[in-house]
Structure formats: structure tokens, C-alpha cells
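Values quoted throughout were computed directly from the atomic coordinates according to the rules given, and no laboratory measurement underlies them. These numbers come from a predicted model, not from an experiment. Note: ideal-geometry Cβ built from the backbone for every residue, glycine included; neighbour counts use all protein chains shown.
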Amino acid sequence: MNTIAVPLTINWKKNLFFVWISQFLAMIGFGCCMPFIPLYLREHFHIVDNQLRGFYVSLFYLAGITSLCIATTVWGMLADRFGRKLMLLRASYGAALLYPLLVFAPNFQVMLLIRFLCSFFSGTVNPAQTLLVCTTPPEKHGFVLGTVSTALWSGNMVGYLTGGMIVHYFGYRTAFLSCGVIYLASGLLVHLFVKDNFRRLTVKKEQKREKHSFRELMSPAVLWLLIMFLLMGVARRIEEPFLAMQVELVNGIGSAAFYTGITSAAAALGGIFSGIIMGHLCDRILPRRLALPVLLVSGSATLAQALSGNIQTLIFARFLAYLAAGGLQPIFQVMLAKITAPERRGTYFGWSGSFSTAGGIISSLLSGGIAYYIGIRGIFITAALIFFLMIPLMFPTVRASKAEYVCDPDATGRDLEKA
């Protein structure tokens, strides 16, 4: 015998409120330490050569993203069997325990191992999004995904600013320990106040196999959307680990941690506005019509970061890039939700998370070589080119999706709400 989820009536607005706060705190914790890894490697492991340090940074993020790619699919399937809230708690408490251990690593090799474990047992974003989508009316999916994305970006903004200040005035150990405490608070909020609409009901194994074969799940539209998640993961993640080095290149080594925090906060501010705007638009305008201008602006702004000659230009270009690119994930997730059955969305969102993190694996493999042979600016140029590449690929994605929508393909969230 196996189990499936049966929906229960819950207060989705209350869930959204507390998940928003929990993810806001989680991103503060993450932002307190992770953006400063390149600087930590220079100051504590004495890796001062920029080419070599770029290679080590790519290895560090490769370890994390590989682990996350493996884990996301596993946890996504387990969410459909045991509940989405449980997966969110696992991620929050796992991060609270493991992230502070990074600062106690005696060498880079041990730090890589801890990073691998961190990513495998943490990762709160995907389970939070899955929980909200599965506990929210379909006509509100764009709204809740956009709203929770504001928590991610605003938490990042506060985390980057806070982390930069903590590192600057108190050192790296305090920053990493603060990360764990904040993740713990995030998990406790979910534990106490968030409800899941999940109930296990026994069904026959042969019925489950017949209804949910892999061939049926991996339809052409799903495949095209997963490819877009993959490319989005490459474009958005390939330059993230190297922001601190770009700040050093543009503005010098002095106060690099401080200006890295400021630049990261500007990106997060762009993400906040992106979540508000895109979440609103996805329920009123067809998401597929939003994708093309978003991709065009994302690529142009990322290219501007590569060519920036001063810190002011870099900060503004990064704000604009995240204002646009921050809307891609809600757009693709709403498109995915429209062509998938509610009881299998944990699996589908797990796949989308895995493909996005697989893009991070590819970006880590590429970025080390690009940083070593071309330089840091070449990484940002590569990200811009990938955004531009996604524009023509949207056309077959839209064609396949329109053929598989479970509702009117031209219906917006507002139309569904009135129906």
C-alpha cells in the first residue's frame, strides 16, 4: 500500500504570513555568511591569488549545488508521501545545525565536506514554495509565489547588510554563528504556526503506478519548462559567488566586505520589487507574455555589471538585473502549476528545484575555468548571453504549454477567481 495527499481546508492567508516571516529570517541567516566566502578564503586560508581563489570559490559552490540538486528531488518526492511542512522543518533545523560548522573547518577540504552536508539537509525555498502552492487556491498561486519571493529578497537584503556589518566589526565567526541562530528561529515559527493540508490515504500500488508513470509525468511542456529552469539556474548562479571579487576589481580591496554587502542588498531590493510586481502581474497577465521582456532586461543589466567601471554603476546594474531576473522563477512556476495535478506538485516542484540547482552545478563547472582563463568580467558576460539564449527558447516552451494546460490557456488568475 502507498499514500497520496488529500486536501484539507486551512487558512492559506495565515500560512502565507508565517511562511513569509520564516523565509525572511532564513534568508537573513543565509545572507549573514555565504556572500563573504571569497573574502573568508583570502583572510583565513590565505588564498590570495585571484585566479586560484576563483577556482576554489567555484569548487565550494559546486559542492553545495551538487548536493542540493540531488537532495531537492529526493525531498520533493518525500514531501508528496509524508507532508510538505515536515520537509520545511527538516531544511530549517538542518541549516541551523550545519551552517555554523563552516567557520570551524580547519582547512578547505573539510569546509567542502561541510558545505555538501549543509546543502543536502537544508534548502528552505523549494519546500516553502511547494507548501504554499499546495495549500492555496489556484487563482492565488501567482500572488503567493510573488509574495514569498519578497520575503526571500528582503531577507537577503537585510542579511547582506547585517552580514557585512558583522564581518566588518565582529569577524566571520560571529557571522556564521548568527546564521545558525536565525535559521533556528525560522524553523520554530513553521513548527508552531504553519499548517499543512496533507493527509495520507492508502491506495493500491498498481493503481499509483498506472496513474503516475514517469512517461506521463515528463510531458513535452514539463520538459521544456525544466530546461528553462536549468538555464535560469546557470544564468542566475554563475556570477553569484564572484560578486565580492567583482567589487574588489571595480572598487579595490579596501572595505570589500562592506561594499559587497551594499551591492548584495541593492540586488535584494530589486528582488523585493520584482516579487511584488511579478506576483501581481502573474495573476492578471499571462505569465508567458511576461517572460520575454523580463529575459531581455535581465540579460542587458547583467551585461552592464560586466562592463561597470565604478561601484555606483555596479550597484545600479545589479539592482536592475535582480528586479527583472527575480521574476523568472514565479513566472515559470505559475506556468508549471497550470499544467500539473495538485497532488503531484511536490514532485514537479522538486524536479524544477533540481533542474535549477543542476544549472548551478553547470555554472560552477564553467565559472572556475572562465575565472581562471578569462577573468571575473567574463563570468558576468556569460550570464548575460545565457539570458539572451533563453529568449528564442521561450517559443517552443509556450507552444508545448498551451497544449497541456489543465484550464483555459488564456485564463489569468483573475479569470479563475471569477469562475
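Calculated from the alpha-carbon coordinates, the chain shows an Rg and a Dmax of 20.5, 64 Å respectively. Restricting attention to the chain, the count of lysine pairs at 8 or more positions apart or across chains with alpha carbons under 22 Å apart stands at 19. Toward the positive end of the charge dipole of the chain, with +1 on the Cβ of Lys and Arg and -1 on the Cβ of Asp and Glu, the farthest Cα among LEU366, LEU97, PHE349 is that of PHE349.
Here the average projected area of the convex hull drawn through the C-alpha atoms of region 217-324 stands at 7.5 nm². Charges were assigned to the Cβ only: +1 to each Lys and Arg, -1 to each Asp and Glu. The resulting dipole of the chain about its Cα centre is roughly 980 debye. Using Cα pairs closer than 8 Å and at least 6 residues apart in sequence, work out the relative contact order for region 220-315, in percent. The value is 31 percent. Long hydrophobic helices in the chain: the complete DSSP H runs spanning 18 Å or more by Cα along their own axis with mean Kyte-Doolittle hydropathy of at least 0.5 are 12-31, 50-82, 84-98, 108-121, 141-169, 172-193, 220-237, 256-282, 287-307, 311-325, 376-402. With a/c under 1.5 counting as rounded, go ahead and sort region 269-391 into rounded, prolate or oblate using the C-alpha gyration tensor (a ≥ b ≥ c being the square roots of the eigenvalues; past the cut-off, prolate if a/b is larger than b/c, else oblate). Verdict is oblate for region 269-391. Using C-alpha pairs below 8 Å separated by at least 6 residues, the relative contact order for the chain is 29 percent.
At 222 nm, what value in deg cm²/dmol follows for the chain if DSSP H runs of at least 4 each add -39500 (n - 2.57) and the sum is divided by all its residues, to the nearest 500? Please list the in-between numbers first.
Numbers: 19 runs with 325 residues, N = 419.
Helix-only estimate at 222 nm: -26000 deg cm²/dmol.
ILE311 sits among other residues whose Cβ lies under 11 Å from its own Cβ, and their net charge, with Lys and Arg +1 and Asp and Glu -1, is 0.
Counting Lys +1, Arg +1, Asp -1, Glu -1, what net charge surrounds THR66 among other residues with beta carbon under 13 Å of its beta carbon?
Taking every other residue near THR66 into account, the sum is +2.
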